[in-house]
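Read-outs: derived from the displayed coordinates by stated rules, not from any lab. Given the structure is predicted, the values throughout are model-derived calculations rather than measurements. Reconstructed Cβ throughout: ideal geometry from the backbone, glycine too, with neighbour counts over all protein chains shown.
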Ligand SMILES: [Fe+2]
Ligand SMILES: [Fe+2]
């Protein structure tokens, strides 16, 4: 943290979950849905931060696969405590992204 | 029964602007309430909320969230965690509830303003849910502490605090009233939902939840992190407003609204969250320092979001970054010293081990803040508790309503930032506090801080007991050292061994 003033000049996006089976499933889904990206996990106990560079997509289909049950995309809200980046939610996927690259 | 998927009807059903025939648009949406700033209503209709929810979906999801938080509470109730929790952690909860719970109700009104007066139909839709969210936050954060009133009257301050003139209540109200209750719908969406909720609430509701779960307080951790899932949704209302303001040539004003909100939130969190995270939470349960949480949530995550939406870093960014090493240590020292004036028992957090941790996280702590704590520790160990208690009141800032602080030690740098306006002399604790005032003096000029009231003779008798009565603090409510000075004892033992 040598120069904190510029610390924000990075491009990590992604959800922050407060736990639950949805968080675990989202980690798996993020791997499947973003095959070219490195997904990093930062587990703080009460919350877990899932990140990728610039854009991350999590699809309903992958969530269902990971959970082994039906899943509506907006159920993700139940454990979604925060997020890095802007979001766009459709019935089939949630996308975390930055418009700009810093 | 076949249900048409939401995506196919949502845009149509939320297109709820119509052509008025009985009233004018200005009567329908008065500028003081709507804050359209001359941008035509068609532009506001392009407002695209990133989170789209229907009412049945909302109810189903909220039910699930509540079921989660309440079932954790019910399951752990017999465990009586509160009876064996560290007193520093108890103080954390009591301070949190008093500062937050009733302000959640106020937030409900702010959401209600957007739900009625925003010219953007999408904003009105999301704010309708936001109104219900904040009502939930108020109720749940009054209900949980209520179970503990039998343990101490201080728990009752979850409800009482905001109805008193305690200095901390005045400070919290001054901030929340400014960004939530006394602004038009567009300003609320930017100052409350963007400035405050995509930024600072993460500190108090996720950062603190990390400490709570470390401390074994799963009830509190699940409660506050559940609250934050609502915030994550309704905090998304500000982004689309910002985009519309910027696209229509109002970037400068958008930036100003964000900057005022950030600075004022920062000051409040420096007195509330800073001491909680770095001093009250027992050492072994501190998952990160306050500064580290600030860097994670504000300095990196929030500032990056700001940049993506097309805004600049606030002009005071360097000051804020520097103050991460300073302000909350001063606030903590002040709160502890003036402990009878708060509704919780401040934990000193100044044992030998605590100080080692503080020096590691904030290099130089021992030769600055530590010097003050040396004197306090000596006084306590020499039987002079009286010298560690206040007799007067500290000078407080006319913007943040908090003591004016600086770094003690050889480079003692406390500074007043005065301003004369319409014949009245105001005092501010920083350049940025004074700048907030200068942006809108009409809004702030009448306000009397606690010291102004004292000097005007509103507080009688004009001494500390009079001030305590004015603040509404009765016996059993005034704060004392959370650990009955056990932390200072440890230095005595150290000295004896040596
Ligand atoms: Fe809230
Ligand atoms: Fe909120």
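Let me know the mean shielding of A:46-55 by other chains, meaning the per-residue number of their Cβ atoms within 10 Å of its Cβ.
3
Compute the distance in nm between two label points, each set 7 Å from the Cα along the Cα-to-Cβ direction, one at residue A:5 and one at residue B:22.
Label-label distance for residue A:5 and residue B:22, simple model: 5.8 nm.
Gain in length, residue B:375 to residue B:318, computed as 0.36 nm per residue apart minus the alpha-carbon separation, to one decimal in nm?
So the extension gain works out to 17.3 nm.
Rounded if a/c is under 1.5, else prolate if a/b beats b/c, else oblate: with a ≥ b ≥ c from the C-alpha gyration tensor eigenvalues square-rooted, which is the range B:11-72?
Values: a/c = 2.79, a/b = 2.47, b/c = 1.13.
It comes out prolate by the Cα gyration axes.
Apply the a/c threshold of 1.5 to the C-alpha gyration tensor of the range B:87-134 and tell me whether it is rounded, prolate or oblate.
Prolate shape, in that a/c is at least 1.5 and a/b is the bigger ratio.
Provide the FRET efficiency to the nearest 0.05 for the residue B:15-residue B:447 pair, computing r from the beta carbons and using R0 = 35 Å.
Here the calculated transfer efficiency is 0.25.
Taking Cα atoms, how many degrees apart are the long axis of helix B:55-77 and the longest axis of chain B, rounded to 10 and kept between 0 and 90?
Approximately 20 degrees, to the nearest 10.
Counting other beta carbons within 10 Å of each residue's own, what order do B:192, B:283, B:12 fall into, fewest first?
Fewest-to-most ranking of B:192, B:283, B:12: B:12, B:283, B:192.
Restricting things to alpha carbons, find the Rg to Rh ratio for the range B:242-348 using the Kirkwood radius for Rh.
1.07
Determine one quarter of the surface area of the Cα convex hull of chain B, which equals its mean projected area, and express it in nm² to one decimal.
The directionally averaged projection comes out at 26.6 nm².
What Rg and what Dmax come out for the protein assembly as shown when only alpha-carbon atoms are used, in angstroms?
When restricted to the Cα atoms of the protein assembly as shown, Rg and Dmax are 24.2, 87 Å.
Suppose each label sits 7 Å from its Cα in the direction of the beta carbon; what would the residue B:37-residue B:395 distance come out to in nanometres?
The answer from the label model is 3.6 nm.
Please arrange B:206, B:309, B:455 by how many other C-beta atoms lie within 10 Å of their C-beta, fewest to most.
The order, fewest Cβ neighbours first, is B:455, B:309, B:206.
How far is it, in nm, from the label point at residue A:28 to the one at residue A:43 when both lie 7 Å from their Cα along the line to the Cβ?
1.5 nm
Residues of the range A:83-102 with backbone nitrogen within less than 13 Å of a virtual label 7 Å along the Cα-to-Cβ line of residue B:243, please, listed as ranges.
In the range A:83-102, the label zone of residue B:243 (backbone N under 13 Å from the point 7 Å along Cα→Cβ) covers A:86-89, A:97-100.
Could you work out how much longer the chain between residue B:387 and residue B:165 gets when fully extended? Use 0.36 nm per residue separation minus the Cα distance between them, nm to one decimal.
77.3 nm
Work out the FRET efficiency for residue B:497 and residue B:79 from their Cβ-Cβ distance, taking R0 = 45 Å, and round it to the nearest 0.05. Show your work: numbers first, answer last.
Values: r = 38 Å, r/R0 = 0.84.
It comes to 0.75.
Any chance you could give the angle, 0 to 90 degrees and rounded to 10, that helix B:238-247 forms with the longest Cα principal axis of chain B?
Relative to chain B, helix B:238-247 is tipped by roughly 60 degrees.
Compactness ratio of the range B:199-296: Cα Rg over 2.2 N^0.38 Å, N = residue count?
Expressed relative to 2.2 N^0.38 Å, the Cα Rg reads 1.28.
So how do B:59, B:342, B:260 line up by other beta-carbon neighbours within 10 Å, fewest first?
In increasing order of surrounding Cβ atoms, one gets B:59, B:260, B:342.
Per DSSP H run of n ≥ 4, the term is -39500 (n - 2.57); total these for chain B, divide by its residue number, and report the mean residue ellipticity at 222 nm rounded to 500 deg cm²/dmol.
Counting only the DSSP helices, I get -16000 deg cm²/dmol.
Subtracting the Cα-Cα distance from 0.36 nm times the residue separation, let me have the gained length for residue B:484 to residue B:462 in nm, one decimal.
Working: separation 22, 0.36 × 22 = 7.92 nm, distance 2.88 nm.
Here the answer is 5.0 nm.
Decide, for the range A:13-97, between rounded, prolate and oblate: order the square roots of the alpha carbon gyration tensor eigenvalues as a ≥ b ≥ c, take rounded if a/c falls under 1.5, and otherwise choose prolate if a/b is larger than b/c, else oblate.
rounded
Once the Cα atoms of helix A:21-33 and of chain A are each reduced to a long axis, what angle between those two axes, in degrees from 0 to 90 to the nearest 10, is obtained?
Roughly 70 degrees between the two axes.
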